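The values are calculated or read from the model by the stated rules, or taken from the named source; none is laboratory data. Note that the structure is a prediction, hence the values are computed from the model and not measured. Note that we place each Cβ from the backbone using ideal geometry, even for glycine, and neighbour counts take in every protein chain shown.
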Amino acid sequence: PNVRPAPTQCVGPDYRSESQKPTAAVSTDVKVDTVTILPQTPQLIALLSIIRDKNTQRGDFIFYSNRIIRLLVEEGLNHLPTVEHTVTTPVGRSYDGLAFQGKICGVSIMRAGEAMEQGLRECCRSVRIGKILIQRDEETSQPKLFYDKLPEDIADRWVLLLDPMLATGGSAIMAVDVLKSRGVPEERILFLNVLASPQGIQNFATKFPKLRLVTAFVDQGLDDKNYIIPGLGDFGDRYYTR
Ligand code: PRP
Ligand code: URA
């Protein structure tokens with residue numbers, strides 16, 4: 001994948017002239033067909049600015065992360081198949097529309113990925129949810145698989161894989177290997193992610209060239225502890241414990 005450095009762009013609303021718009025660092029561009037980066041709107045940049053801020057308290061971190069997660073879920077659902085579907089309106093006219101096709105399920109990479117389950121449930125009522133517990137070793141950054149519990153018919157479903165952070169890519173790659181071992185083809189997995197590093201995207205997209213990834217932002221890189229920079233710190237700690 002061709003990953004370019006993040007430019008600083010004018011992101012203010014359209015009622016201001018270009019010269020009056022505030023500038024902000026927007027996502028690094030990634031020229032890979034399977035990677036979708038959410039539009040870098042003023043809303044998204046403002047939401048990300050709140051959750052990146054080290055002074056943001058847990059209540060606000062949860063509230064504003066949830067808003068970003070909702071945007072990711074709505075965009076992710078656009079990548080699922082639809083069929084033509086005509087309905088009759090209350091005034092007796094017909095409308096040629098669309099209907100979703102196919103069964104889905106969510107799979108969260110615990111613990112941080114569980115924070116994305118509610119956003120999926122808000123869009124897809126009574127959606128089945130599976131879990132994979134993978135923890136990154138704090139010293140080596142290597143992922144370790146502890147547990148998984150997945151719907152029995154997962155091989156017949158589209159899978160929305162949930163994890164807000166893609167750093168080295170090790171955890172997400174391990175999770176996809178589990179899904180593939182249960183018969184889910186790569187092209188029926190959609191990975192929803194809040195923040196990615198260019199290295200993580202590169203590793204993940206190279207290993208799984210048919211798997212689609214939707215992210216809110218591709219950051220600058222990784223630090224010497226393999227934390228995303230500028231990043232937002234440890235998502236799981238900030239969402240669940242701090
Ligand atoms: C975090 C995060 C990802 C992983 C990303 O989880 O939620 O799963 O690290 O890093 P990687 O791309 O280098 O593998 P962590 O293992 O820290 O557990 P947590 O969800 O309990 O915070
Ligand atoms: N996991 C996180 O929560 N944050 C990072 O920056 C990297 C991995």
field: Test result for SER65, under 20 Å from MET116 (Cα atoms) and surrounded by 15 or more Cβ atoms within 10 Å (Cβ to Cβ)
entry: yes
message: From the list LEU71, LEU80, exactly one residue is surrounded by 18 or more Cβ atoms within 10 Å (Cβ to Cβ) and touching a Leu at 6+ places or on another chain (Cβ under 9 Å). Which is it?
response: LEU71
task: Confirm whether ILE173 is within 15 Å of the chain's Cα centre (by Cα) and over 21 Å from PRO81 (Cα atoms).
output: yes
- line: When the range 58-83 is checked residue by residue, the ones that are among the polar types (S, T, N, Q) and either in contact (Cβ under 8 Å) with a residue 60 or more places away in the chain or touching a strand residue (DSSP E or B) at 6+ places or on another chain (Cβ under 8 Å) (or both) are SER65, THR82
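A quick yes/no check of all residues on (1) within 30 Å of GLY59 (Cβ to Cβ); (2) within 12 Å of ligand 2 (Cβ to nearest atom):
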{"residue": "ALA196", "(1), (2)": "yes, yes"}
{"residue": "GLY200", "(1), (2)": "yes, yes"}
{"residue": "LYS210", "(1), (2)": "no, no"}
{"residue": "LEU213", "(1), (2)": "yes, no"}
{"residue": "ASP223", "(1), (2)": "yes, yes"}
{"residue": "GLY231", "(1), (2)": "yes, yes"}
{"residue": "ASP234", "(1), (2)": "yes, yes"}
field: Residue within the range 129-148 that is assigned to a loop (DSSP other than H, G, I, E, B) and surrounded by 18 or more Cβ atoms within 10 Å (Cβ to Cβ) present
entry: no
Residues (modelled with pLDDT under 95, within 16 Å of ligand 2 (Cβ to nearest atom) and either within 20 Å of the chain's Cα centre (by Cα) or closer than 23 Å to PRO185 by Cα (or both)) located in the range 112-155: none
statement: Listed by first then second residue, the pairs whose first member lies in the range 160-180 and is at pLDDT 95 or above, whose partner is more than 6 Å from ligand 1 (Cβ to nearest atom) and basic (Lys, Arg), with beta carbons under 6 Å and at least 6 positions apart or on separate chains, are ILE173/LYS207
message: Anything in the range 197-242 that is in contact with a helix residue (DSSP H, G or I) (Cβ under 8 Å, 6 or more places away or on another chain), near ligand 1 (Cβ under 10 Å from one of its atoms) and over 21 Å from ASN55 (Cβ atoms)? List them, or say none.
response: GLY200, ASN203, PHE204, LEU222
